[in-house]
Amino acid sequence: MNEKTQQQIRTIILEVRGIYESYRSKNTWTTHQDIIGLGILISCQALLIGVGYAWLIGFCPTWLTIVSIALITSILHELEHDLIHDLYFKRIPFLYHWMMLGVYIFRPISLNPWIRKHWHHFHHQHSGMAFDIEERGITNGDRLSLLRLLVLPDLLLSGIIRIPRLRKEIIIEYNKGNLSKSDMRLIIRTVLLGLLPFGVPLTILWYAFVVIHLFHGVGYPLAQFDGLLQWIEPLMILLVIPNLIRQFALHFVSSNMHYMGDVEAGNVIQQVQVFTPWWSAPLQWFCFFFGATHAIHHFVVNEPFYLRQLTRKAAQEVLLENGIRLNDVKSLRFSNRYHHTNNY
Ligand SMILES: [Zn+2]
Ligand SMILES: [Zn+2]
């Protein structure tokens with residue numbers, strides 16, 4: 001890394017820290033971080049249960065139910081990310097793990113958060129490298145194609161279709177010494193258990209739900225499954241479909257705002273961009289404006305998501321003045337390469 005880049009990184013870290021410090025000194029409510037986190041979790045859960053109940057009694061239309069749940073669970077994803085960085089109840093394990101379960105249970109088709117915790121810290125250490133498992137897992141670095149878009153929201157389908165290629169890549173990285181034996185053991189554990197206990201069964205039910213709907217009216221043998229719909233449907237409307245929409249948005253934005261494959265090790269300037277093209281607006285809503293704020297997080301990690309949102313304008317300016325790209329849509333055509341080439 002050259003001196004200029006190192007200076008840019010130092011400047012961003014110092015100035016963004018300064019923005020947080022000044023905001024915190026003017027807003028003393030920010031000191032109650034644990035309670036705020038818990039309050040957000042309980043409020044989101046109450047809203048989700050309320051919307052679900054309103055749908056079950058026929059008060060809330062299905063489309064509004066799905067959209068509302070997708071929006072609320074996008075806040076839970078941010079909360080999970082904060083928990084992964086130990087920002088709430090670090091010294092009270094019971095409450096910490098209760099919150100982890102609380103953010104997982106309403107986003108049950110996502111990766112188990114206790115397993116994700118390891119790969120997310122690994123992502124911060126090795127962002128943009130070919131062995132950044134978390135980002136490769138959500139298609140970052142793949143060629144833009146219909147297939148990439150199709151598997152984006154569905155981790156199970158994505159795993160099944162992409163595993164032969166990812167396996168080859170992982171073995172290459174292991175032979176290069178970039179992945180350790182314990183990393184390899186955890187990769188196997190992630191494949192076997194990462195979507196358990198909820199993800200695999202619910203995703204399989206989703207496929208069944210789609211098939212039953214597609215062939216509805218065909219008659220025997222599918223007609224006998226109509227009864228199943230009565231209890232599958234609420235699970236789909238209240239849990240699976242909103243989370244597929246949310247995960248599509250999050251995985252699209254995340255896998256395109258992080259660069260992959262030709263990033264200089266440790267060069268945070270090349271790892272991320274501020275990604276808010278106008279056409280991505282609906283996606284940003286369903287991932288709580290991840291494209292606008294996640295780049296800031298790569299420089300100053302230990303701040304909760306709501307402070308990142310509240311100070312994002314000032315922090316973005318600092319990033320953009322110091323070499324972070326804005327809306328580099330071109331990288332989408334080059335498999336998320338920073339240098340816009342298709343070579344590793
Ligand atoms: Zn993080
Ligand atoms: Zn990241």
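The values are calculated or read from the model by the stated rules, or taken from the named source; none is laboratory data. These numbers come from a predicted model, not from an experiment. Using ideal geometry, Cβ is built from the backbone for each residue, glycine included, and neighbour counts are taken over all protein chains shown.
For Gly102, which of the numbered conditions (1) closer than 30 Å to Ser43 by Cβ; (2) assigned to a helix (DSSP H, G or I); (3) within 16 Å of ligand 2 (Cβ to nearest atom) fails to hold?
(3)
If I go through region 88-123 residue by residue, how many of them are over 16 Å from the mean Cα position of the chain (by Cα), within 16 Å of ligand 1 (Cβ to nearest atom) and buried (at least 20 other Cβ atoms within 10 Å of the Cβ)? Talk me through it step by step, then tell me what you get.
Residues of region 88-123 over 16 Å from the mean Cα position of the chain (by Cα): 88-99, 101-102.
Filter again for within 16 Å of ligand 1 (Cβ to nearest atom), leaving 88, 90.
In the following step, the residues that additionally are buried (at least 20 other Cβ atoms within 10 Å of the Cβ) were identified as 88.
The number of residues fulfilling the criteria is 1.
Check Asn302, Asn336, Asn256 and return the single one that is modelled with pLDDT of 95 or more, among the polar types (S, T, N, Q), assigned to a loop (DSSP other than H, G, I, E, B) and buried (at least 21 other Cβ atoms within 10 Å of the Cβ). Walk me through it before giving the result.
Numbers: Asn302 fails: buried (at least 21 other Cβ atoms within 10 Å of the Cβ); Asn256 fails: assigned to a loop (DSSP other than H, G, I, E, B).
Answer to the check: Asn336.
Would you confirm, using the coordinates I've provided, whether Ala249 is at pLDDT 95 or above, hydrophobic (A, V, I, L, M, F, W, C) and either part of a strand (DSSP E or B) or within 14 Å of ligand 2 (Cβ to nearest atom) (or both)?
Working: at pLDDT 95 or above: yes; hydrophobic (A, V, I, L, M, F, W, C): yes; either part of a strand (DSSP E or B) or within 14 Å of ligand 2 (Cβ to nearest atom) (or both): no.
Criteria not met by Ala249.
Take the conditions within 23 Å of Arg107 (Cβ to Cβ), surrounded by fewer than 19 Cβ atoms within 10 Å (Cβ to Cβ) and away from ligand 2 (no atom under 16 Å from the Cβ) and apply them to Glu233. Does it pass? Walk me through it before giving the result.
Details: within 23 Å of Arg107 (Cβ to Cβ): yes; surrounded by fewer than 19 Cβ atoms within 10 Å (Cβ to Cβ): yes; away from ligand 2 (no atom under 16 Å from the Cβ): yes.
For Glu233, the condition - within 23 Å of Arg107 (Cβ to Cβ), surrounded by fewer than 19 Cβ atoms within 10 Å (Cβ to Cβ) and away from ligand 2 (no atom under 16 Å from the Cβ) - is met.
Going through region 273-331 one residue at a time, which ones are away from ligand 1 (no atom under 14 Å from the Cβ) and of a type in the set (Gly, Ala, Ser)?
Result: Ser280, Ala281, Gly291, Ala292, Ala314, Ala315, Gly323, Ser331.
Specify which of the listed residues (Leu250, Leu186) is within 24 Å of Val51 (Cα to Cα) and either free of Cβ contacts under 8 Å to residues at least 40 places away in the same chain or not polar (S, T, N, Q) (or both).
Working: Leu186 fails: within 24 Å of Val51 (Cα to Cα).
So the residue among Leu250, Leu186 that is within 24 Å of Val51 (Cα to Cα) and either free of Cβ contacts under 8 Å to residues at least 40 places away in the same chain or not polar (S, T, N, Q) (or both) is Leu250.
Residue check: is Leu111 within 20 Å of Phe248 (Cα to Cα), modelled with pLDDT of 95 or more, within 16 Å of ligand 2 (Cβ to nearest atom) and outside any helix (DSSP H, G or I)?
Numbers: within 20 Å of Phe248 (Cα to Cα): yes; modelled with pLDDT of 95 or more: yes; within 16 Å of ligand 2 (Cβ to nearest atom): yes; outside any helix (DSSP H, G or I): yes.
The answer is yes for Leu111.
Can you name the residue in region 124-153 that is of a type in the set (Val, Ile, Thr) and within 15 Å of ligand 1 (Cβ to nearest atom) and is also farthest from the chain's Cα centre (by Cα) among such residues? It would help to see each step written out before you state the result.
Step one: filter region 124-153 for residues of a type in the set (Val, Ile, Thr), giving 133, 138-139, 151.
If we keep only those that are within 15 Å of ligand 1 (Cβ to nearest atom) too, we end up with 133, 138.
Working: Ile133: 13, Ile138: 9 Å.
So the residue we want is Ile133.
For residues that are under 16 Å from Gly137 (Cα atoms) and either among the aromatic types (Phe, Trp, Tyr) or under 22 Å from the mean Cα position of the chain (by Cα) (or both), tally how many sit in region 170-183.
Going through region 170-183 one residue at a time, the tally reaches 2.
Starting from region 42-58, keep only residues that are within 16 Å of Val103 (Cα to Cα), then list their pairs with residues that are outside any helix (DSSP H, G or I) whose Cβ atoms are within a distance under 8 Å, requiring at least 6 positions of separation or different chains.
Cys44/Phe106; Gln45/Phe106; Leu48/Phe106
What pairs come up if the first residue lies in region 8-23 and is closer than 14 Å to Val301 by Cα and in contact (Cβ under 8 Å) with a residue 60 or more places away in the chain, the second is part of a helix (DSSP H, G or I) and among the β-branched types (Val, Ile, Thr), and their beta carbons are under 8 Å apart, counting only those six or more places apart or on different chains?
What qualifies is Ile9/Val268; Ile9/Ile269; Ile12/Val268; Ile12/Val318; Glu15/Val318; Val16/Ile296; Val16/Val318; Ile19/Val318.
All but one of (1) over 18 Å from the mean Cα position of the chain (by Cα); (2) within 15 Å of ligand 1 (Cβ to nearest atom) hold for His340; state the number of the condition that does not hold.
Exception for His340: condition (2).
Looking at region 211-236, I want the residues that are part of a loop (DSSP other than H, G, I, E, B) and have a partner that is at pLDDT 70 or above with Cβ atoms under 8 Å, at least 6 apart or on another chain. Which pairs are those?
From region 211-236, the pairs are His216/Asp226.
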